[in-house]
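A.B. asks: To start, I am sharing the structure in question, which I have written as structure tokens.
The values are calculated or read from the model by the stated rules, or taken from the named source; none is laboratory data. All values derive from a computational prediction rather than experimental measurement. Every residue, glycine as well, gets a Cβ built from its backbone with ideal geometry; the counts of neighbours run over all protein chains shown.
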Amino acid sequence: MPGRGLSSYDDGVRARASLFALMVAIALMASGATTARADDAQKARELFTQGNTYFDLGQFDKAIGAWQDGYQLKNDPGFLYNIAQAYRTMGDAQKAIFFYKRYLSNSPKARNRSEVEQKIEALQKQLSAQEQARGMPPPGPFGPDNPGAAGTAPTEPAPASNPEVVVTQGAGAGARASGPGATSPSDIVETRPVDAATSPPRRVDLRAAIGFDTWSSGLQENAQPSFAFTLAGGYTFGNPAARFRFRLGALLGYTFLKETDSRDTFTSFLVDPTIVMRVTTRLQLMGDLGFGVLSIGGLTPNSALLASSAVNINGSAQTFSLVRLGVAADYDLTKSVSLFFWPAYANSAKKENFYANIGRFEILAGVAYRP
């Protein structure tokens, strides 16, 4: 009896040890699977960006290859749309139709569905004309009654009912969603390569902003904030879908300092290089560091900007070097118009006869237009 009890105890220990080992193995396998999925998602995002770059360079075969590899890692229907765009640009109507159909099959609620169906119909007519020219009967009409018609693919399997989708946005290239409603075709499509034949990237922007300036240094006395106005423009380089891009701009700024017996006017002329970071399909952040000149006019011997009232400046405008550091948030209302908020700090080094370095804080808000 004692021996039998000890044996039962040992069997219980071994059973618990085996169960523990099994649980550890399952946990390790689950961890490895999660890591693999994360690696696949990251690689898919890299292939998406790589394909966009090839597309912009006109290397369509390489772009298609990159997007096909990305789709194998992550079944984002946006890859299919991109591939169709590339084939259409290359003039391969048959393959373009196939991938447009697959895109619509995987994105049944796509906001651009009517646009894609119009492209399919146009390509079908193109194929029909080509086959008629060769004396061949044209393909069937476009419509749901024809199983081979554009826009439908009943014989092909439907996408998984609960996929995990990588919504590849221009800045947040990697936002995830899951569930039957996870696919966001509008977000996906807005970041796809632009159709070079109809809608080139909008790289030029014109900006107008108003706000106020406050003086942080340069005055012998305090001054009230003053109205400020800025006109700016620039050209943005790089892939529109990339997270970071470079913008080269220029700006003209105006403000004034109201004093008891004078009004000192400040006019700025700057070259304004800018780093642009896309956060979402509509929101982007910008950081700029401008270099240029500041012209101050309307000075009198009693100006608070001067070190002494005995200084005789003869009313002539005074020119300073100017450095301006700004940050901005841009929100797109449409493809052409956005609103922005633009705080900045501007500094001009002290000149002879002036009280100190002239430092100003600017708070601006305005509208940007991309023609």
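A.B. asks: Ala346: among the small types (Gly, Ala, Ser), in contact with a strand residue (DSSP E or B) (Cβ under 7 Å, 6 or more places away or on another chain) and surrounded by fewer than 20 Cβ atoms within 10 Å (Cβ to Cβ), yes or no?
C.D. replies: Details: among the small types (Gly, Ala, Ser): yes; in contact with a strand residue (DSSP E or B) (Cβ under 7 Å, 6 or more places away or on another chain): yes; surrounded by fewer than 20 Cβ atoms within 10 Å (Cβ to Cβ): no.
It is false that Ala346 is among the small types (Gly, Ala, Ser), in contact with a strand residue (DSSP E or B) (Cβ under 7 Å, 6 or more places away or on another chain) and surrounded by fewer than 20 Cβ atoms within 10 Å (Cβ to Cβ).
A.B. asks: In segment 351-371, what residues are part of a loop (DSSP other than H, G, I, E, B) and either touching a residue at least 60 places away in the same chain (Cβ under 8 Å) or crowded, with 17+ Cβ neighbours inside 10 Å (or both)?
C.D. replies: Tyr355, Ala356, Asn357, Arg370, Pro371
A.B. asks: Next question, about the same structure. Take segment 103-118 and flag every residue that is within 24 Å of the chain's Cα centre (by Cα) and acidic (Asp, Glu).
C.D. replies: Scanning segment 103-118 gives a single hit, Glu115.
A.B. asks: When you look at Asn75, is it out of contact with any Ser or Thr (no Cβ under 7 Å at 6 or more places or on another chain) and either modelled with pLDDT under 90 or not assigned by TED's automatic domain parsing to the domain that holds Ala41 (or both), yes or no? I'd like the intermediate steps shown before the answer.
C.D. replies: Values: out of contact with any Ser or Thr (no Cβ under 7 Å at 6 or more places or on another chain): yes; either modelled with pLDDT under 90 or not assigned by TED's automatic domain parsing to the domain that holds Ala41 (or both): yes.
In short, yes.
A.B. asks: At pLDDT below 95 and in contact with a Ser or Thr (Cβ under 7 Å, 6 or more places away or on another chain) - does that describe any residue in segment 230-239?
C.D. replies: Yes, segment 230-239 contains a residue that is at pLDDT below 95 and in contact with a Ser or Thr (Cβ under 7 Å, 6 or more places away or on another chain).
A.B. asks: Please determine, by comparing only the residues of segment 74-97 that are surrounded by fewer than 20 Cβ atoms within 10 Å (Cβ to Cβ) and out of contact with any Leu (no Cβ under 7 Å at 6 or more places or on another chain), which one is farthest from Ile120 (Cα to Cα).
C.D. replies: Asn75
A.B. asks: Still on this model: Yes or no: segment 328-335 includes at least one residue that is at pLDDT 85 or above, in a loop (DSSP other than H, G, I, E, B) and crowded, with 16+ Cβ neighbours inside 10 Å.
C.D. replies: no
A.B. asks: Given Asn106, Asn82, Asn112, which one is within 21 Å of Lys62 (Cβ to Cβ) and in contact (Cβ under 8 Å) with a residue 40 or more places away in the chain?
C.D. replies: Working: Asn106 fails: within 21 Å of Lys62 (Cβ to Cβ); Asn112 fails: within 21 Å of Lys62 (Cβ to Cβ).
Matching residue, one of Asn106, Asn82, Asn112: Asn82.
This table checks each residue for (1) without any contact (Cβ under 8 Å) to a residue 24 or more places away in the chain; (2) assigned by TED's automatic domain parsing to the domain that holds Glu221; (3) under 30 Å from Val276 (Cβ atoms); (4) not in a strand (DSSP E or B).
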| position | (1), (2), (3), (4) |
| --- | --- |
| Ile296 | no, yes, no, no |
| Ala304 | no, yes, no, yes |
| Asn312 | yes, yes, no, yes |
| Ser316 | yes, yes, no, yes |
| Leu325 | no, yes, yes, no |
| Phe340 | no, yes, yes, no |
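A.B. asks: Check Phe266, Phe244, Phe256 and return the single one that is surrounded by fewer than 16 Cβ atoms within 10 Å (Cβ to Cβ) and either of a type outside the set (A, V, I, L, M) or assigned by TED's automatic domain parsing to the domain that holds Ile363 (or both). Don't jump to the end; show me each part of the working.
C.D. replies: Working: Phe266 fails: surrounded by fewer than 16 Cβ atoms within 10 Å (Cβ to Cβ); Phe256 fails: surrounded by fewer than 16 Cβ atoms within 10 Å (Cβ to Cβ).
Within the list Phe266, Phe244, Phe256, the selection yields Phe244.
A.B. asks: Right, here's the next one. Given the options Pro138, Pro163, name the one that is modelled with pLDDT under 50 and either on the phi < 0 side of the Ramachandran plot or not assigned by TED's automatic domain parsing to the domain that holds Ala241 (or both).
C.D. replies: On the way: Pro138 fails: modelled with pLDDT under 50.
Answer to the selection: Pro163.
A.B. asks: Could you figure out which of (1) under 30 Å from Gly238 (Cβ atoms); (2) surrounded by 17 or more Cβ atoms within 10 Å (Cβ to Cβ) isn't true of Val279?
C.D. replies: (2)
A.B. asks: Pick out the one residue from Leu285, Leu252 that is farther than 22 Å from Asn52 by Cα and assigned to a strand (DSSP E or B).
C.D. replies: Details: Leu285 fails: farther than 22 Å from Asn52 by Cα.
From the options Leu285, Leu252, the qualifying one is Leu252.
A.B. asks: Okay, moving on. Of all residues being of a type outside the set (Val, Ile, Thr) and within 17 Å of Leu206 (Cα to Cα) in segment 221-239, which is nearest to the chain's Cα centre (by Cα)? Just the residue, please.
C.D. replies: From segment 221-239, those of a type outside the set (Val, Ile, Thr) are 221-229, 231-235, 237-239; that's our starting set.
Filter once more, so that each one left must be within 17 Å of Leu206 (Cα to Cα): 229, 231-235, 237.
Working: Phe229: 27, Leu231: 23, Ala232: 21, Gly233: 19, Gly234: 17, Tyr235: 15, Phe237: 13 Å.
Residue satisfying both the conditions and the ranking: Phe237.
A.B. asks: For segment 293-302, check the following and say yes or no: at least one residue is closer than 20 Å to Leu231 by Cβ and either buried (at least 20 other Cβ atoms within 10 Å of the Cβ) or under 20 Å from the mean Cα position of the chain (by Cα) (or both). Walk me through it before giving the result.
C.D. replies: The initial filter retains those residues of segment 293-302 that are closer than 20 Å to Leu231 by Cβ, namely 293-297.
Among the residues that remain, those that are also either buried (at least 20 other Cβ atoms within 10 Å of the Cβ) or under 20 Å from the mean Cα position of the chain (by Cα) (or both) are: 294, 296.
Yes, that holds for at least one residue.
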